[in-house]
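Encoded as structure tokens, the structure appears first; notes follow it.
The values are calculated or read from the model by the stated rules, or taken from the named source; none is laboratory data. Please read all numbers here as calculations on a predicted model, not as lab measurements. All Cβ positions, even for glycine, are placed from backbone atoms using ideal geometry, and neighbour counts span all protein chains on display.
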């Protein structure tokens, strides 16, 4: 019985990760095509837009975006190299070793347009009520197990 139970858990986990990967790939393709943004760049803009003063230290962005410190630094550098003016980096006044990245007005506008595409793509993939219900259940589950 234990092996059947474990097999079901594994199959459910694999199904969940398969769905997540497919949706992430669809989101990535839509964001690239319409806004020249990767999914990680979109998340970077989103997290900055929600932060106080629309700025965060690079080390805070690591866990939020799901990348290492060096990968976040490269992500910000690549984003800056695009020359679109969406981000601005500056040294922390209290600790010169820390670097802040902030969202500019251009970045906020870029995010606002990308959010429309992001939401449209999600709603095309899932009926709205089902997505909300599923996400609420997953958040509740995470809170219960934390």
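So in region 48-75, with the set limited to residues that are within 15 Å of residue 111 (Cα to Cα) and buried (at least 17 other Cβ atoms within 10 Å of the Cβ), which one is modelled with the lowest pLDDT? Within region 48-75, the match that is modelled with the lowest pLDDT is 55.
Which ones in region 102-123 are within 18 Å of residue 37 (Cβ to Cβ) and at pLDDT below 90?
Quick first cut of region 102-123, residues within 18 Å of residue 37 (Cβ to Cβ) only: 102-122.
Scanning region 102-123 gives a single hit, 122.
A count restricted to region 1-31 and to residues that are surrounded by fewer than 14 Cβ atoms within 10 Å (Cβ to Cβ) and closer than 23 Å to residue 82 by Cα stands at 3.
Applying a threshold of 7 Å to beta carbon distances and a minimum spacing of six or more residues, or different chains, the list of pairs starting in region 93-114 at a residue that is loosely packed, with under 15 Cβ neighbours inside 10 Å and ending at one that is in a loop (DSSP other than H, G, I, E, B) and at pLDDT below 95 reads 98/92; 106/84; 106/85; 106/86.
Would you check which residues across region 27-39 are under 14 Å from the mean Cα position of the chain (by Cα) and either outside any helix (DSSP H, G or I) or in contact (Cβ under 8 Å) with a residue 40 or more places away in the chain (or both) and list them? Selection gives 27, 31, 37, 38.
Looking at region 26-47, which of its residues are out of contact with any helix residue (DSSP H, G or I) (no Cβ under 7 Å at 6 or more places or on another chain) and at pLDDT 95 or above? Outline the logic, then answer.
Our first condition is that a residue be out of contact with any helix residue (DSSP H, G or I) (no Cβ under 7 Å at 6 or more places or on another chain); within region 26-47, this holds for 29, 32-33, 36.
Matches in region 26-47: 29, 32, 33.
So residue 42 passes all but one of these: (1) assigned to a loop (DSSP other than H, G, I, E, B); (2) within 30 Å of residue 13 (Cα to Cα). Which condition number does it fail? The one condition residue 42 does not meet is (1).
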